[in-house]
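*Asks:* Can you read through this structure? Questions will come right after.
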Amino acid sequence: MQQYIIGNWKMNGTKVEAKKLAASFLKRIQEATRPLPHVILCPSYPYLSTVVEVLKGTVIQVGAQDVHPEKAGSFTGDVSVTQLVDVGCMYVLVGHSERRRHHFETSHLIRRKIEASIQGGLRPVLCIGETAEERKSGKALHIIANQLLSDLPETFNTHQIMIAYEPLWAIGTGEVPTGEQIEEVMGLIKHELASRMGGGALVPTLYGGSVTAQNAAAILELAHIDGLLVGGASLKLEDFWQIINASTR
Ligand code: PEP
């Protein structure tokens, strides 16, 4: 399977910067002489249309950073699946730890967001991961298995979803799990998905948390890694380009 490199721009930048960054990545990708992974950019809501406009008809896709589970209605400040599809999004991050922490998102809500996304034609990227305390007390695998159980809907197809393993202690901290730790969790995710459904191991499994131009190649070489979810480094042209270029398939 071709790997996926997703850039999560979070709440950063201006319209001019978003346009420039998207156009610069596109230029690099168009000039590439080797096969590249899928590349997905996730700007904040106000710049989705701007970035879609720049990337329309190209190999780079656009994703949103969150979505509301209802189709429409009195939900001030929220954005629906229909609206995201309408502006040209194909992907959406769901259950990012910053949403869970700052917006108190529960597994119940996350599952509803995933169901609504799939139903409306958006591909959700479910973000899961353990805290530092959970890792220290040996509970990481148990937490991951529970999150898969509680956050995922009963049924879905392999091409409708992606899973991003993002240990909370690695996001934005510069700390990265060892290859062995990443593989252990990825192996568990693949195993859990395979035991739930035929072809479950084909659901793309991504790693996220302090990925840099320096460490991307070693992570992308791991057997169960189908891609990366990149925060800070996806805002820097050279760094993100090197990460994309480090893909192995
Ligand atoms: C993220 O927030 O999804 C993330 C992976 O951030 P960073 O790469 O900055 O750790």
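The values are calculated or read from the model by the stated rules, or taken from the named source; none is laboratory data. These numbers were taken from a predicted model, which means no experiment stands behind them. In this analysis, Cβ positions are derived from the backbone assuming ideal geometry, glycine residues included, and neighbour counts consider all displayed protein chains.
*Asks:* Taking the stated definitions as given, is Val125 crowded, with 16+ Cβ neighbours inside 10 Å and in a helix (DSSP H, G or I)?
*Replies:* no
*Asks:* Which fully enclosed helices (runs of 4 or more DSSP H) of the range 1-112 have 3 or more residues being crowded, with 17+ Cβ neighbours inside 10 Å, within 16 Å of the ligand (Cβ to nearest atom) and within 14 Å of the chain's Cα centre (by Cα)?
*Replies:* 97-102
*Asks:* Applying the selection to the range 222-232, what residues are within 15 Å of the ligand (Cβ to nearest atom) and surrounded by fewer than 21 Cβ atoms within 10 Å (Cβ to Cβ)?
*Replies:* Across the range 222-232, the qualifying residue is only Gly232.
*Asks:* Next question. Residue pairs, Cβ under 6 Å, 6 or more apart or interchain, first in the range 219-246 and in contact (Cβ under 8 Å) with a residue 60 or more places away in the chain and of a type in the set (S, T, N, Q), second within 11 Å of the ligand (Cβ to nearest atom) and outside any helix (DSSP H, G or I). List them.
*Replies:* Ser234/Gly7
*Asks:* Is it the case that the range 115-125 has a residue that's within 16 Å of the chain's Cα centre (by Cα) and under 17 Å from Pro167 (Cα atoms)?
*Replies:* Scanning the range 115-125, I find at least one residue that is within 16 Å of the chain's Cα centre (by Cα) and under 17 Å from Pro167 (Cα atoms), so the answer is yes.
*Asks:* Which of the residues belonging to the range 166-181 are without any contact (Cβ under 8 Å) to a residue 24 or more places away in the chain and not in a helix (DSSP H, G or I)?
*Replies:* Hit for the range 166-181 is Thr178, nothing else.
*Asks:* Please verify whether Ser247 is within 15 Å of the ligand (Cβ to nearest atom) and in contact with a helix residue (DSSP H, G or I) (Cβ under 6 Å, 6 or more places away or on another chain), treating the condition exactly as stated.
*Replies:* no
*Asks:* Do you know which of the residues in the range 106-152 that are without any contact (Cβ under 8 Å) to a residue 24 or more places away in the chain and of a type in the set (Lys, Arg) is farthest from Val67 (Cα to Cα)?
*Replies:* Lys136
*Asks:* Then there is this: For the range 195-216, name all the residues that are in a loop (DSSP other than H, G, I, E, B) and either surrounded by 20 or more Cβ atoms within 10 Å (Cβ to Cβ) or modelled with pLDDT of 95 or more (or both).
*Replies:* Listed by number, the residues that qualify are Val203, Pro204, Gly209, Ser210, Val211, Thr212, Ala213, Gln214, Asn215.
*Asks:* Name the residue that is farthest from Ile128 (Cα to Cα), counting only residues in the range 182-200 that are within 16 Å of the ligand (Cβ to nearest atom) and touching a residue at least 40 places away in the same chain (Cβ under 8 Å).
*Replies:* Filtering first and then ranking leaves Ile182.
*Asks:* So, in the range 172-226, exactly how many residues are within 17 Å of the chain's Cα centre (by Cα), of a type in the set (Ser, Thr, Tyr) and under 17 Å from Ile161 (Cβ atoms)?
*Replies:* 2
*Asks:* Return yes when Val211 is within 16 Å of the ligand (Cβ to nearest atom) and either under 19 Å from Asn12 (Cα atoms) or among the polar types (S, T, N, Q) (or both) and no when it is not.
*Replies:* Yes, satisfied.
*Asks:* Only one residue in Ile163, Ile219 is buried (at least 19 other Cβ atoms within 10 Å of the Cβ), part of a helix (DSSP H, G or I) and either modelled with pLDDT of 95 or more or within 15 Å of the ligand (Cβ to nearest atom) (or both). Which one?
*Replies:* Just one listed residue meets the conditions, Ile219.
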